[in-house]
């Protein structure tokens with residue numbers, strides 16, 4: 001995780017991309033939680049999401065923006081919400097689920 005964060009930071013810095021503010025992020029996508037220690041490797045989320053989630057129920061790594069404990073916080077653009085929802089619906093253990101933006105604000109202390 002540390003190396004992914006470092007590499008992503010380097011790429012964004014070189015590209016001079018500015019972070020999106022919370023209001024814009026809310027308007028353009030949804031907030032997803034992935035609890036990676038609760039996953040099952042049955043492939044149902046992967047199959048029904050058309051590959052959005054992988055075999056371990058993980059969303060694409062480039063959607064990840066925060067790690068706290070055993071939870072990875074993700075931002076899912078609106079264009080991928082329907083595939084993500086199909087994977088969530090297929091998941092038997094609730095290790096991937098939508099969360100409210102207000103919960104994110106409390107956890108990160110924005």
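The numbers here are math on the coordinates, done by the rules we state, and not lab data. These numbers come from a predicted model, not from an experiment.
Miscellaneous remarks
- Degrees separating the helix 2-15 axis from the principal Cα axis of the chain, which is the longest one: 50 degrees
- Normalised by 2.2 N^0.38 Å, where N counts its residues, the alpha-carbon radius of gyration of the range 11-73 equals 1.32.
- The angle separating the long axis of helix 81-90 from the principal Cα axis of greatest extent in the chain is about 40 degrees.
- Rg to Rh quotient for the chain, alpha carbon positions, Kirkwood Rh: 0.97
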